[in-house]
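Colleague: Once you've had a glance at the structure underneath, I'll fire off some questions.
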Amino acid sequence: MVKTMLIAVNKKLACDDLGKLLLRLAVGGLMLFHGLHKLFGGVGFISGMLVEKGLPGFIAYGVLIGEVVAPVLIVLGLFTRPAALVLAFTMVIAWLMVGTGKTFALDAVGAWAIESLVYFFIGALAVAFLGAGRYAVGKDPAYK
């Protein structure tokens, strides 16, 4: 009886395309808040960190590609896989810039200090491997 009920529940919840949409909305939508903050507030603080590390400050504008353009494409389901890879790469760069010293640390409430970086990195990889699904602007498989 329990097995029959579990099979029925599993069949009802088997909505892979809806799951892909929800994942895209979570990963892309939440990252977009970070990107919009930088779009409207400027990337000066990132530029300063880059200059401190001996890199040219102008490359700070690349964060807008990784945190605004890529998330919008992910949410829309357009060029989803490449956009997700760009977002994952952005998270690696963010970790290298600000997270390496926190990799083995907890924050004030006991959470992993880099958990949001890891969430976005793994979420972006999941989107890259899964693709956009049926609920996407890009209908041609080449653009999903």
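What follows is calculated from the coordinates using simple rules that are stated; it is not laboratory data. The shown structure was predicted, so the numbers you read here are calculated from the model rather than taken from an experiment. Please note: Cβ atoms are built from the backbone with ideal geometry, for glycine as well, and neighbour counts cover all protein chains shown.
Colleague: When the chain is modelled as a GNM with alpha-carbon springs shorter than 10 Å, which of LYS12, LYS53, LYS102 fluctuates the most?
Modeller: Of the options given, LYS12 has the highest mean-square fluctuation.
Colleague: Shifting gears a bit: Evaluate E = 1/(1 + (r/R0)^6) for MET1 and ARG134, where r is the Cβ-Cβ distance and R0 equals 41 Å; express this FRET efficiency to the nearest 0.05. Show your work: numbers first, answer last.
Modeller: On the way: r = 34 Å, r/R0 = 0.82.
It comes to 0.75.
Colleague: I need the shape label for the chain. Rule: rounded when a/c is under 1.5, else prolate if a/b > b/c, else oblate, with a, b, c from the alpha carbon gyration tensor.
Modeller: Working: a/c = 3.02, a/b = 1.61, b/c = 1.88.
It comes out oblate by the Cα gyration axes.
Colleague: In the range 110-127, which residues have a backbone nitrogen under 18 Å from the label point lying 7 Å from LEU85's Cα in the Cα-to-Cβ direction?
Modeller: 121-127
Colleague: Work out from phi, with θ = phi - 60° and the Karplus expression 6.51 cos²θ - 1.76 cosθ + 1.60, the ³J(HN,Hα) of each residue of the range 63-80, listed in order in whole Hz, and give x for Gly and Pro.
Modeller: 4, 5, 5, x, 10, 10, 5, 4, x, 4, 5, 4, 4, 6, x, 10, 6, 4
Colleague: GNM on the chain, C-alpha springs below 10 Å: top fluctuator among VAL109, VAL51, VAL69?
Modeller: Maximum fluctuation in the GNM of the chain, among the listed residues, is at VAL109.
Colleague: Something else about it: Can you give the charge dipole size of the chain about its Cα centre, rounded to the nearest 20 debye, using +1 on the beta carbon of Lys and Arg and -1 on the beta carbon of Asp and Glu? The partial results should precede the final answer.
Modeller: Values: 12 positive and 7 negative charges, 112 e Å.
The dipole magnitude comes to about 540 debye.
Colleague: Now a separate question. Which of the listed residues, MET49, GLY66, PHE129, is farthest toward the dipole's positive end in the range 28-143, when Lys, Arg count +1 and Asp, Glu count -1 at the beta-carbon?
Modeller: Farthest towards the positive pole: PHE129.
Colleague: What whole-number distance in Å separates the alpha-carbon centres of the range 117-144 and the range 39-76?
Modeller: So the two Cα centres are separated by 22 Å.
Colleague: For every helix of n ≥ 4 consecutive DSSP H residues, a contribution of -39,500 (n - 2.57) applies; sum these over the chain, divide by its total residues, and give [θ] at 222 nm rounded to the nearest 500 deg cm²/dmol. Show your work: numbers first, answer last.
Modeller: Details: 6 runs with 84 residues, N = 144.
Computed ellipticity for the chain at 222 nm equals -19000 deg cm²/dmol.
Colleague: Another question, then. LYS139: which lysines have alpha carbons under 23 Å from its alpha carbon, excluding same-chain residues fewer than 8 sequence positions away?
Modeller: Those lysines meeting the cut-off are LYS20.
Colleague: Per residue of the range 32-41, what does 6.51 cos²θ - 1.76 cosθ + 1.60 with θ = phi - 60° give for ³J(HN,Hα)? Whole Hz please, x for Gly and Pro, Karplus curve as stated.
Modeller: 4, 4, 4, x, 5, 4, 6, 5, 8, x
Colleague: A further question follows. To make sure I understand the rule: partners must be aspartates and glutamates, Cα under 12 Å from the Cα of LYS102, and not fewer than 8 residues away in the same chain. Which ones qualify?
Modeller: GLU115
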